[in-house]
Every structure is written in structure tokens, then in C-alpha cells.
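Heads up: the structure comes next, in C-alpha cells.
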Amino acid sequence: MTRKQRNTIEHEFFNYRKNRDKAASYVSSHAFDVFSVDYAEPRVNVSAGNIAEERIVRMITEEDRAYRWCIVYQKTLERFYWSHKDALMRRRYEQGEHCLATCDALHISERTYYFWLEEILTVASLWAQTLKIF
């Protein structure tokens, strides 16, 4: 994981709530697009009736990106359920707690905090690569 990827993951995790709100609107509008046909818009036809090509032609929207980052956050959180690492994620990214306050609350050392943080970001990086964000 490069420094740029690490910074991107941290940025998107800190913006999880904003991304979640964008993703909620994306999911509802995407479901409408999938199950209905809007004849008012001109359709892009790469070849006759090939839905897969039409989907590839579409550009990835900001809502789709936010949706994918929400999935990365949730899957990373699921990976660390029933450990203190999920509490670390919630305190750091959702509540915005400082390192020392989190260490005191979880009864861990600062070294453990950063070790766990590196492990969390590594798992998140793998999920981001799986979802083809990077």
C-alpha cells in the first residue's frame, strides 16, 4: 500500500457518514434505473441490445464511488467484529477521537494503536482493490 492509497483510505473513512448519505441516494436511484426504462433520455447503443457493454460505457459517478467506499468501510469493520479493532475504527473515523483518548478508552498502548491501525488500513486496501477503486 502506497502513501497515497493510505491517505485516500483515511480520507474516505473519515468521510464515511457523508459517503453513506450519498450512497443511500445512489442505491435508490440505481434500483430505479435497473428496474425501469426511461424513454426520455437517448440511449447509448454500442451494439444491439448488449447490456454489459452499455454498463461499461457509463462513467462511474461520484455516488458509485461513495457507495464502494461505504462497502470497503463496512467490510473492514465486519472483519474486525468482536475485537477492539472495530471499536478503534468507530472511535477514530466515526467519532473523530484522538489517538490518546482512544488508547485510554480501549486500554491499549500507543504502539498497539498504530499497529492495529496499519492492519485495518491493509485490510481496507485489499477490499478497495477487490472493488477496483484503486
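The values are calculated or read from the model by the stated rules, or taken from the named source; none is laboratory data. Bear in mind that the values here come from a model prediction, so they are computed numbers and not experimental data. Please note: Cβ atoms are built from the backbone with ideal geometry, for glycine as well, and neighbour counts cover all protein chains shown.
Would you confirm, using the coordinates I've provided, whether Ile108 is at pLDDT 95 or above, farther than 20 Å from Leu131 by Cα and β-branched (Val, Ile, Thr)?
Yes; evaluated as a whole, the condition is true for this residue.
Scanning for something polar (S, T, N, Q), modelled with pLDDT of 80 or more and either in a loop (DSSP other than H, G, I, E, B) or loosely packed, with under 12 Cβ neighbours inside 10 Å (or both), does the range 64-85 turn up at least one residue?
yes
In the list Asn15, Asn19, which residue meets the criterion of being closer than 19 Å to Asp64 by Cα and at pLDDT 90 or above?
Exactly one of Asn15, Asn19 is closer than 19 Å to Asp64 by Cα and at pLDDT 90 or above, namely Asn15.
Tell me which residues, restricted to the range 96-114, are under 21 Å from Thr8 (Cβ atoms) and exposed (fewer than 14 other Cβ atoms within 10 Å of the Cβ).
Those that are under 21 Å from Thr8 (Cβ atoms) and exposed (fewer than 14 other Cβ atoms within 10 Å of the Cβ): Gly96, Tyr114.
Do you know which residues across the range 86-115 are part of a helix (DSSP H, G or I) and polar (S, T, N, Q)?
Matches in the range 86-115: Thr102, Thr112.
Within the set of pairs 6+ apart or on separate chains, which have a first residue in the range 68-88 that is on the phi < 0 side of the Ramachandran plot, a second that is outside any helix (DSSP H, G or I), and C-beta atoms under 6 Å apart?
Arg68/Leu131; Arg68/Ile133; Asp86/Phe80
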